[in-house]
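Heads up, the thing below is written out as structure tokens.
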Ligand code: ADP
């Protein structure tokens with residue numbers, strides 16, 4: 001199996017720097033997810049690792065070997081794209097086995113591996129069919145089976161589930177994760193979907209404007225984001241932001257230890273709770289209904305905050321709420337976290 005290391009990778013399109021000085025390591029047999037808004041440089045980065053794009057600077061290493069000058073074929077990776085590129089007039093089993101003969105495998109071994117890959121992806125019964133008669137999910141299963149047949153040590157996926165409906169995407173995502181663990185593959189997935197990122201990642205890399213904005217395990221980044229961008233991007237709803245100069249910021253400063261250089265105090269809806277004895281108050285603006293729990297949008301002074309509600313809770317007019325001080329996220333004027341400084345104030 002293989003460890004992937006990127007060293008100061010750069011890729012420009014004319015004047016535009018799509019990837020800037022990106023360095024990171026994906027350990028042997030682990031799964032890394034690259035997450036970020038559209039245009040952040042995720043796909044460009046993945047294509048540089050695959051050898052489909054030539055970097056303008058920096059290097060890609062597989063284990064100790066610099067593969068920067070190698071073609072995609074020489075890198076011996078498998079890649080899965082958003083749209084499965086299948087041959088419509090070729091049976092599923094031949095689509096799966098495509099290219100194996102050229103790699104020097106004999107017919108018997110190709111047949112054994114095709115059947116094994118089809119079984120892993122639960123498409124044994126589709127082997128005689130043609131791609132045109134398959135659903136989107138089935139087609140993507142075929143393209144994953146085709147990637148798996150080579151028993152790659154590196155699997156790269158570019159938005160692999162984003163054209164499938166939510167439940168199907170979730171199902172395939174779980175299967176790919178199971179296979180990655182079972183086979184000990186080193187995997188990098190590009191996605192903009194946080195649920196996928198949580199399900200797939202040992203290591204999460206959040207990108208912004210061609211650079212790494214945050215890197216760590218999904219939970220460490222969620223609970224202790226290094227900057228406001230990561231705090232805001234990760235999570236089901238955007239984080240509540242209270243900025244210096246507002247009444248609520250003053251109240252928070254009077255109540256909790258807040259470093260003098262703090263410019264924004266952020267907290268997630270789940271860090272707030274409605275309580276008659278709450279230290280803070282505001283006016284209910286609206287209720288957001290959810291399957292699991294509702295949320296209340298409350299105007300506290302001049303700041304709107306979203307507060308998670310317990311099931312069945314009724315609210316109107318003036319509300320009081322409390323905050324869990326351990327869940328407050330504090331940032332300086334550059335948006336960098338001051339959380340590790342707040343205990344020493
Ligand atoms: P993401 O995958 O995060 O959406 P991309 O890597 O596709 O981002 O793109 C990063 C930036 O590079 C974007 O601004 C995009 O417009 C630009 N870009 C990507 N591919 C090309 C290309 N072939 N030619 C010119 N600009 C490109």
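The values are calculated or read from the model by the stated rules, or taken from the named source; none is laboratory data. The structure presented is a predicted model; accordingly, all values stated were derived computationally and were not measured. Counting neighbours? That spans all protein chains shown, and the Cβs are built from the backbone with ideal geometry, glycine included.
Which one of these does residue 208 not meet: (1) closer than 16 Å to residue 37 by Cβ; (2) touching a strand residue (DSSP E or B) at 6+ places or on another chain (Cβ under 8 Å); (3) surrounded by fewer than 23 Cβ atoms within 10 Å (Cβ to Cβ)?
(2)
For a quick check of your reading of the model, give me the residue pairs whose first member lies in region 157-185 and is within 14 Å of residue 140 (Cβ to Cβ) and assigned to a helix (DSSP H, G or I), whose second is within 16 Å of the ligand (Cβ to nearest atom) and at pLDDT 95 or above, with beta-carbon atoms closer than 8 Å and at least 6 apart or on different chains.
176/157
Looking for whichever is surrounded by 13 or more Cβ atoms within 10 Å (Cβ to Cβ), over 12 Å from residue 242 (Cβ atoms) and touching a strand residue (DSSP E or B) at 6+ places or on another chain (Cβ under 7 Å) here; the options are 272, 296, 300, 262. Which one fits? First the steps, then the outcome.
Details: 272 fails: over 12 Å from residue 242 (Cβ atoms); 300 fails: over 12 Å from residue 242 (Cβ atoms); 262 fails: over 12 Å from residue 242 (Cβ atoms).
Only one candidate qualifies: 296.
Checking residue 235 against (1) farther than 28 Å from residue 57 by Cβ; (2) assigned by TED's automatic domain parsing to the domain that holds residue 89: exactly one of these is not met. Which one?
(2)
Here are some residues: 49, 34. Which one is in a strand (DSSP E or B) and surrounded by 14 or more Cβ atoms within 10 Å (Cβ to Cβ)? I'd like the intermediate steps shown before the answer.
Values: 49 fails: in a strand (DSSP E or B).
Only one candidate qualifies: 34.
Hand me the list of strands (runs of 3 or more DSSP E) wholly inside region 248-335 holding 3 or more residues that are within 29 Å of residue 227 (Cβ to Cβ).
Values: elements: 264-267, 272-274, 280-288, 295-300, 303-308, 318-323, 329-331.
Hits in region 248-335: 264-267, 280-288, 295-300, 303-308, 318-323, 329-331.
Could you check, for region 82-103, whether at least one of its residues is at pLDDT below 95, within 16 Å of the ligand (Cβ to nearest atom), assigned to a loop (DSSP other than H, G, I, E, B) and surrounded by fewer than 19 Cβ atoms within 10 Å (Cβ to Cβ)?
There is at least one residue in region 82-103 that is at pLDDT below 95, within 16 Å of the ligand (Cβ to nearest atom), assigned to a loop (DSSP other than H, G, I, E, B) and surrounded by fewer than 19 Cβ atoms within 10 Å (Cβ to Cβ).
Suppose we filter region 146-192 for residues that are surrounded by fewer than 19 Cβ atoms within 10 Å (Cβ to Cβ) and within 16 Å of the ligand (Cβ to nearest atom); how many remain?
3
Could you check, for region 62-79, whether at least one of its residues is within 16 Å of the ligand (Cβ to nearest atom) and within 22 Å of residue 160 (Cα to Cα)?
Of all residues in region 62-79, those within 16 Å of the ligand (Cβ to nearest atom) come to 79.
From what is left, the residues that are within 22 Å of residue 160 (Cα to Cα) are 79.
The answer is yes; a qualifying residue exists.
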